[in-house]
Amino acid sequence: MTVCNTPLVPLALWRTMQLILLTCLSMLAFAGNSILCRLALVQQHIDPASFTAIRIASGALVLYALARLSLLRAAAATPTQQPAPRQQSGSWAGAIALALYATAFSLAYLKVESGVGALILFGSVQLSMLLYGTLKGERLGALSSVGLSVSVIGLVFLLLPGSSTPPLGAAALMAIAGAAWGWYSILGRDATYPLATTAGNFARAIPLSLLAILPWLAVLHWDLAGVGYAILSGAVTSGLGYAVWYGVMKRLSVMKAATVQLSVPIITAMLGAILLGEALTLQLVLSCIAVLGGIALVLAGKGRNSRQANPMNIVQENHD
C-alpha cells in the first residue's frame with residue numbers, strides 16, 4: 001500500500017494563499033457596504049433606520065440558511081458527531097456590537113463621502129484593536145511599526161483641511177461605528193465556527209435594530225431600490241463578508257487584523273470614484289500609496305501571533 005504524503009511547504013503555501021484570498025474578499029465586502037449604504041441613503045431611497053433593520057434581517061436569514069445547510073451536510077458525512085455548542089452560535093455581546101456599528105454607520109453616511117467616511121471608520125477600528133492587542137501583550141516589530149506610522153500619516157494627509165472634511169457630528173458617529181466594529185472583530189477571535197457565530201450574532205441583532213427604528217418612526221421611508229440595496233448589503237457584503245472575516249481573524253494577530261483593514265478606505269474611495277462620481281484627487285492617490293505601502297510593511301514585519309487556524313473552517317464547519 002502506497003501512502004502519499006503532502007509536502008509541508010506546499011500545504012503551508014496553499015493555506016497562506018487561502019488566507020490572502022479570504023482577507024481580500026473581506027476587505028472588498030467591507031468596501032461594498034460603504035458604497036451600498038451611500039447609494040441607498042444619499043439619494044434618499046430609504047432612511048438609515050430602515051436600511052439597518054432590513055440589512056441585519058436579510059443577513060440573518062441568509063446566514064441561518066447557510067448554517068443549517070452546513071450542519072446538515074456535516075451530519076450526513078458523520079452521523080455520530082454533535083452539533084456546535086450553544087455558545088458558538090453567537091452572543092449578545094456580538095449582537096450589540098453589530099447593531100451599534102450598523103446603526104451609527106448608516107446615520108453617519110448621510111453626511112460623509114464614502115472614501116473619507118471609511119477612513120474615519122477604519123482609523124477608529126485600528127485604534128481600538130491596537131489598544132486591545134497592546135493590552136493583551138501583542139507587539140509590532142520595528143518594520144511593522146514603521147509601516148503602521150506610514151499608514152497613519154497617509155490617513156492624516158487625506159483628512160487635512162482642503163480634503164472633504166466631514167461635519168463633526170457625522171465624524172463622531174463614524175468613529176463610534178469604528179470602535180463598535182473593532183469590538184465585533186475582536187470577539188470573532190474566539191469563534192470556533194465562524195458561520196454559526198455570525199448567524200447567531202445577526203439573529204440577536206434583529207430586535208436591537210428594530211428598537212433603533214423607534215426614534216425615527218415619523219420619517220421612515222423606502223422605495224424598491226432602497227430595499228434592494230439594504231438586502232444586498234445584508235445578505236452578501238455584510239452576512240457572508242462578516243462570516244469570512246471571522247474565519248480570517250483566527251489566522252491574524254489583532255495588530256495585523258487592525259492594520260489590514262486600512263485598505264478598505266482605499267478600495268472604497270476607488271469604488272466611489274468609479275460608481276458614484278466622487279473626486280479622485282492627487283491627494284487621495286498619494287494617501288492610497290502611503291496606506292497600502294504601510295500595510296505591506298506591517299504584514300511583512302515580524303510580530304507576536306499566537307493564533308492559527310484553518311481558514312477553510314469558514315466554508316465548511318466540522319462540529320466535533
Starting from the Cα gyration tensor of segment 27-314, take the square roots of the eigenvalues, sort them a ≥ b ≥ c, and report rounded, prolate or oblate (rounded when a/c is under 1.5, otherwise prolate if a/b is larger than b/c, else oblate). oblate
Using Cβ contacts closer than 10 Å as the measure, can you line up ILE186, ILE120, ILE153 from fewest to most? ILE153, ILE186, ILE120
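If R₀ is 45 angstrom, what is the calculated FRET efficiency for the pair ARG73 and LEU210, using the beta carbon separation as r and rounding to 0.05?
0.90
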For VAL244, VAL291, which order do you get if you count the other beta carbons within 10 Å of each Cβ and list the fewest first? VAL244, VAL291
Can you tell me the length gained on complete extension of the stretch ASP223 to TRP14, counting 0.36 nm per residue apart and subtracting the Cα distance? 70.7 nm
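What is the extension gain from PHE157 to VAL285, computed as 0.36 nm multiplied by their sequence separation minus the C-alpha to C-alpha distance, in nm to one decimal?
45.0 nm
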Length added when fully stretched, SER149-VAL42, from 0.36 nm per residue minus Cα-Cα: 35.2 nm
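Within 10 Å of each residue's Cβ, count the other Cβ atoms and sort SER26, SER144 from fewest upward.
SER144, SER26
Coordinate-derived values only; no laboratory data. Since we're looking at a predicted model, the values are computed, not measured. FYI the Cβ positions are ideal-geometry reconstructions off the backbone, even for glycines, and counts take in every protein chain you see.
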